[in-house]
Structures are given as structure tokens and as C-alpha cells.
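Here's the structure we're looking at; comments come further down.
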Amino acid sequence: MKTILVDAWNTFVKKDGVDKKIKILLDQYQNKKIIVTNANDEEKIKFGIINMPYPVFSLSHSPEKTDILYFQKLLSHYSLNSSDVIYIEHNKAAVITAQSIGIKSLWFRIDEDIRVLKLFLENYHNYGL
């Protein structure tokens, strides 16, 4: 069963808090979910990435998600392989970085129709999500 990695700021968390549509959709799956961010502790508070419903992983900008090392450390921390996860992210550069090490990723732009995310998740659910 794949672990779902979901970007924090401007994907799962917006100006007014957790995106309820995304949370409801993600909660339909029994898979483990991890919120991924670059934010340091101060930024987590500033952007509302606190008291999250899923674990939060951050390397506090050292390195950023646009660096392969970020994903290598994340996978190592959770004892996962790139084939064990799927990733939802609004930052195209971070998506490209994750894909470069074999992580199936969706570039989910801010305010994009939730049906795009639903199709991505359904596709992987049908193949062992």
C-alpha cells in the first residue's frame, strides 16, 4: 500500500487553513499520509502547518524539496523506497525533482479542480495504492 505524500503550503494548507475538500478526499483512502514541507518551525506556525491530521516532515530548508537529497532523506527516515510513495505538490520544480528519483507525482496547481487529484488517486488505487 503506497504512502501518500502531500505538499503542505498551497496544496493541503491554504490561507484559511486545511483544504477541506482535499482532506475529505485523502481520508477516503486507508493509506498512510505524510505532509511534506520546507518550512522551519517558525514558518510552520506562520503558515498554519500545526496540529495537522497527518505527520509533517520537514528539513527546514536544508535542503529544499527541489533537491534530490530532500526526498532521499524523507524516504530513509520512513524506511520507504521511491516506488512505495506517490506525491502531490503545487511546485513544479519539486515535482520534477521527485520524479527524477522515481516518485510518481502529480503537479497539482493552486485552485486546480479536485477531480484531477481524485483521478490521480483512483489511478493508483486501482493499481495497488
Using θ = phi - 60° and the Karplus relation 6.51 cos²θ - 1.76 cosθ + 1.60, list the HN-Hα couplings for region 65-82 in order, rounded to whole Hz, with x at every Gly or Pro. 5, 8, 10, 3, 4, 4, 6, 4, 5, 4, 4, 4, 4, 9, 6, 10, 9, 4
When the accessible area of the chain is computed with all protein chains present and a 1.4 Å probe, what percentage of it is carbon and sulfur? 50 percent
When Lys and Arg each count +1 and Asp and Glu each count -1, what net charge do the other residues less than 10 Å away from LYS65, Cβ to Cβ, add up to? -4
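Charges at C-beta only: +1 for Lys and Arg, -1 for Asp and Glu. How large is the resulting dipole of the chain about its Cα centre, in Debye rounded to 20?
Dipole size: approximately 240 debye.
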All-pairs Cα distance distribution in the chain, expressed in whole percent, bin size 5 Å: 2, 11, 23, 26, 22, 13, 3, 0
Measure of exposure for HIS90: accessible area at 1.4 Å probe, Å² rounded to 10, is 50 Å²
Rh (Kirkwood, all Cα-Cα pairs) for region 8-50, Å, reads 11.0 Å
Determine the per residue accessible area of the chain with all protein chains present and a 1.4 angstrom probe, expressed in square angstrom. 54 Å²
Separation of region 23-64 and region 86-108 by C-alpha centroid, Å? 16 Å
Reported to the nearest 10 Å², ASP84 has, with a 1.4 Å probe, an accessible area equal to 50 Å²
Shape verdict for region 51-108, please, from the Cα gyration tensor: rounded (a/c under 1.5), prolate (a/b greater than b/c) or oblate. rounded
Along region 24-31, Karplus-curve 3J(HN,Hα) (6.51, -1.76, 1.60; θ = phi - 60°) to the nearest Hz, with x for Gly and Pro, reads 4, 5, 4, 5, 6, 10, 7, 4
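The values are calculated or read from the model by the stated rules, or taken from the named source; none is laboratory data. Keep in mind it's a predicted model, so treat the numbers as computed, not measured. So basically every Cβ, Gly included, is an ideal-geometry build from the backbone, and we count neighbours across all protein chains shown. For accessibility, only protein heavy atoms count, side chains too; no ligands or nucleic acids. Shrake-Rupley method; radii C 1.70, N 1.55, O 1.52, S 1.80 Å.
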